[in-house]
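These notes concern the structure reproduced below.
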There are 2 protein chains.
Amino acid sequence: MTADPAEYSGRLRRVQQRMQGQSLAALVVCDPANIFYLTGYDAWSFYTPQCLVVPACGDPHLFLRAMDAVGAVALCNVAAERIHGYPEDLVHRPDTHPFTWIATAARALIPAGEPVGVEGDANYFSPRAYFALADGLPANRLVDAGELVNWVRLIKSPYEIGQLRIAGAIAEHAMRTACERIEVGRRQCDLVADILTAQTTGTAGHGGDFPAIVPMLPTGDGSGTPHCTWTDRPFRDGEATTIELAGVYGRYHAPLARTVMLGEPPQRLAEIAKITAEAMQATLAEIRPGATGACVHRAFDEVIRPHGLRKDSRLGYSIGIGFPPDWGERTVSLRREDTTELAAGMAFHVILGMWMDGWGYELSEPIALTPDGFERFTNLPHELTIRR
Amino acid sequence: MTADPAEYSGRLRRVQQRMQGQSLAALVVCDPANIFYLTGYDAWSFYTPQCLVVPACGDPHLFLRAMDAVGAVALCNVAAERIHGYPEDLVHRPDTHPFTWIATAARALIPAGEPVGVEGDANYFSPRAYFALADGLPANRLVDAGELVNWVRLIKSPYEIGQLRIAGAIAEHAMRTACERIEVGRRQCDLVADILTAQTTGTAGHGGDFPAIVPMLPTGDGSGTPHCTWTDRPFRDGEATTIELAGVYGRYHAPLARTVMLGEPPQRLAEIAKITAEAMQATLAEIRPGATGACVHRAFDEVIRPHGLRKDSRLGYSIGIGFPPDWGERTVSLRREDTTELAAGMAFHVILGMWMDGWGYELSEPIALTPDGFERFTNLPHELTIRR
């Protein structure tokens, strides 16, 4: 449990208000980031089914595997009598599912006849879990409540912005380490060990938490594939590496991407680096309350289009709390089609990933919107890093 | 892509044989470990929807986000014409889902009227994905094929046992590092950095891969909660820490757990350590082809019961390939209720986690069954480690 009680009660109130708007008698929350947001519960227990049942009014109930339920009261704001452990023999069984037990136990908490919301696209909520829940709540209709809690998370409190600032300091430290320690002949895995050390030791005042995504560093021929992790092959002279990592503090993520060239950069790479830095300036200049992803994308596009370039993937996404496998919030994206009005307190990873045929270039900034513009969480140059 | 072509063709053949047994025209595989098993595809792209469509006969098709599809041909055994990228603007959209696109594209590959298998409880296959797939394949009926590919993975090939041996060497190195570097006053996160470094640098010959679960090290008051990760608080004199980690090589996992005491162990801890070491000997002595989880559990129980102890959670589970959030295969568990006959080539994490009221003790061994017994992948003493 990390935040103060008023922070949690405000979060719950906003979730229950949205639930009311959808006439939900209860919401079954499975996304570990959403459970953490509402309760502070943080353990690597999400590999077996678990959920928070949020009633229309009143306090939520947490359902965990028995082994995890025992000590959970010390880890979150849920009172012991509202933490329920399902029996150990239900774990990974082909003939039954923990959500059958959970549905039976939750039935008393949910008025019959009323719709119950689920997170239809959450990680760690499977179709089998869905059907077990539906069968176990025959007097209720399940409805996909969309990313209801995720949307409440969109505007960060001052406390959350503070967590993101610390995460930003850790991200900057990790990226500096990466850019300094990469060298020709060194194994990729050895550089990654240095990055992980920087992420985890953090700063003297603030130790780092585990990232929702491990460092990704596509290099050489593979640098056109953004989500490659690493191998034990050495870095080679004449090759570029894109590095994407996050600083993490108390589950809040500040992701950051840069590109490093070992040796003399080919002209096409030097050019794309220059254009991307210019595009980043133009993109950031549009970010303020009242703008939309569409305006931001237009500013970016106006810089790259004259160079014959195009980019189909989004320019960024909302960030905050993250659990594996993703540090994005799955709500607002900075792209042509997004019409959400940006507002103070939103936080984004603005990432310009330029994916060419067989190679790539990445430059990013984690930021938050302020009343009249934005705040950067890291402070590193926007140029291509060259190690000769 | 890590294994040789014959390895992959044998895996596909065994999966298609099982599919035939269930009369499936196709199987939609979403579990990243299963996709890796069949194709070698390995990237942190599973945070957006992806799947491998395995037809009843013939070669599978891989569906990924466009950004990931571009370079995927270099990462796996799937030919370029069988890799399909869905448009970037479908990522994290509230009004549509990538599986709608995937279903439309896959329709031509699947005979109408035939049942199509899905992995109903796989990670990264959500209810919304399921319903989009069902709607997009109106001429087919979706059936939960259970853990079909996972069961094929149960018996490891000599190549896979070789990967697990390397993973075991890395696990042993990481655990030795953890037990040597833990000390009173040191921040938990600083010890974790050393563990991560050992896991990632691996050995001189074999660099380590990322683990499906980060190191877990519940300590002091929290040592009764098995899946706690770490904080930036210092280790304290008079407190025990249980450490669970994995050595990972080419996605194969050898998990390992030990308990370390800083200072003089309380009598109850020393006693449980002694009983658990004895129980481990008894448990391992039962592991051989022809035994079942039930026999193994009985041998364990006969050691602990006279001491007034009981353990409801399983004593182990099948291991091999792992992707976040789990390094278990979700098939055979070593427990009372499991009647699967053990066989040569199966690999297990035998983990004796003794969870008491507010404290815990862990001791484990990653092993594989041989024709007449078992092979250990690590070689560390079974005693409580005491750092005075």
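The values are calculated or read from the model by the stated rules, or taken from the named source; none is laboratory data. These figures come from a predicted structure and were not determined experimentally. Reconstructed Cβ throughout: ideal geometry from the backbone, glycine too, with neighbour counts over all protein chains shown.
For the list (1) within 15 Å of B:Thr241 (Cβ to Cβ); (2) in contact with a helix residue (DSSP H, G or I) (Cβ under 7 Å, 6 or more places away or on another chain); (3) within 14 Å of another protein chain (Cβ to nearest Cβ), I need the number of the one condition that B:Glu362 fails.
Just one mismatch for B:Glu362, condition (2).
Under 9 Å between Cβ atoms, at least 6 apart or on separate chains: pull out the pairs that start in region B:144-163 with a residue that is over 17 Å from B:Ala368 (Cα atoms) and at pLDDT 95 or above and end on any residue that is of a type in the set (Ser, Thr, Tyr) and not in a strand (DSSP E or B).
Once the first residue is over 17 Å from B:Ala368 (Cα atoms) and at pLDDT 95 or above and sits in region B:144-163, its partners that are of a type in the set (Ser, Thr, Tyr) and not in a strand (DSSP E or B) give B:Val149/B:Tyr37.
Looking at region A:77-136, which of its residues are touching a residue at least 24 places away in the same chain (Cβ under 8 Å), of a type in the set (Lys, Arg) and within 24 Å of A:Arg18 (Cβ to Cβ)?
If the condition is that a residue be touching a residue at least 24 places away in the same chain (Cβ under 8 Å), of a type in the set (Lys, Arg) and within 24 Å of A:Arg18 (Cβ to Cβ), then A:Arg107 is the only one that fits.
Can you name every residue in region A:173-189 that is of a type outside the set (Gly, Ala, Ser) and crowded, with 21+ Cβ neighbours inside 10 Å?
Once the filter is applied, which keeps residues that are of a type outside the set (Gly, Ala, Ser) and crowded, with 21+ Cβ neighbours inside 10 Å, region A:173-189 yields A:Met175, A:Ile182, A:Gln188, A:Cys189.
How many residues, within region A:105-123, are acidic (Asp, Glu) and either farther than 16 Å from A:Gly136 by Cβ or not assigned by the TED database to the domain that holds A:Ala66 (or both)?
Count: 2.
How many residues are more than 12 Å from chain B (Cβ to nearest Cβ), of a type in the set (A, V, I, L, M) and in a strand (DSSP E or B) if we restrict to region A:50-80?
4
Can you name every residue in region A:41-67 that is more than 24 Å from the chain's Cα centre (by Cα) and surrounded by 21 or more Cβ atoms within 10 Å (Cβ to Cβ)?
Listed by number, the residues that qualify are A:His61, A:Arg65, A:Met67.
What's the number of the only condition in (1) of a type in the set (D, E, K, R); (2) more than 30 Å from A:Asn379 (Cα to Cα); (3) modelled with pLDDT of 95 or more that A:Arg93 fails to meet?
Looking at each condition in turn, A:Arg93 falls short on (3).
Residues to consider are A:Ile319, A:Ile386, A:Ile351, A:Ile367; find the one that is touching a His at 6+ places or on another chain (Cβ under 6 Å) and part of a strand (DSSP E or B).
Criteria check complete, one pass: A:Ile319.
Filter region B:211-257 for residues that are more than 10 Å from chain A (Cβ to nearest Cβ) and assigned to a helix (DSSP H, G or I) and give the result.
B:Gly220
For the structure I just gave you, tell me whether A:Pro211 is more than 18 Å from the chain's Cα centre (by Cα) and under 30 Å from A:Arg13 (Cα atoms).
no
Among the listed residues B:Thr378, B:Thr331, identify the single one that is in contact with a strand residue (DSSP E or B) (Cβ under 8 Å, 6 or more places away or on another chain), assigned to a loop (DSSP other than H, G, I, E, B) and polar (S, T, N, Q).
B:Thr378
Quick grid of which residues meet (1) among the acidic types (Asp, Glu); (2) over 24 Å from A:Trp44 (Cβ atoms); (3) more than 27 Å from the chain's Cα centre (by Cα):
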residue	(1), (2), (3)
A:Glu114	yes, yes, yes
A:Gly117	no, yes, no
A:Tyr124	no, no, no
A:Leu133	no, no, no
A:Val143	no, yes, no
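In region A:354-388, how many residues are crowded, with 20+ Cβ neighbours inside 10 Å and modelled with pLDDT of 95 or more?
Matching residues across region A:354-388 total 14.
Have a look at B:Thr331, B:Thr283, B:Thr259 and point out the one that is under 30 Å from B:Thr39 (Cβ atoms) and either assigned by the TED database to the domain that holds B:Glu160 or modelled with pLDDT of 95 or more (or both).
B:Thr331
So which of B:Tyr47, B:Tyr37, B:Tyr41, B:Tyr86 ends up being modelled with pLDDT of 95 or more, among the hydroxyl-bearing types (Ser, Thr, Tyr) and in contact with an Asp or Glu (Cβ under 6 Å, 6 or more places away or on another chain)?
Step by step, each of B:Tyr47, B:Tyr37, B:Tyr41, B:Tyr86 is checked, and only B:Tyr47 is modelled with pLDDT of 95 or more, among the hydroxyl-bearing types (Ser, Thr, Tyr) and in contact with an Asp or Glu (Cβ under 6 Å, 6 or more places away or on another chain).
If you check B:Glu81 against the conditions, is it touching a helix residue (DSSP H, G or I) at 6+ places or on another chain (Cβ under 7 Å), on the phi < 0 side of the Ramachandran plot and among the acidic types (Asp, Glu)?
No.
Looking at A:Ile182, A:Ile155, A:Ile166, which one is more than 21 Å from the chain's Cα centre (by Cα) and among the β-branched types (Val, Ile, Thr)?
Selected residue: A:Ile182, the only one of A:Ile182, A:Ile155, A:Ile166 that is more than 21 Å from the chain's Cα centre (by Cα) and among the β-branched types (Val, Ile, Thr).
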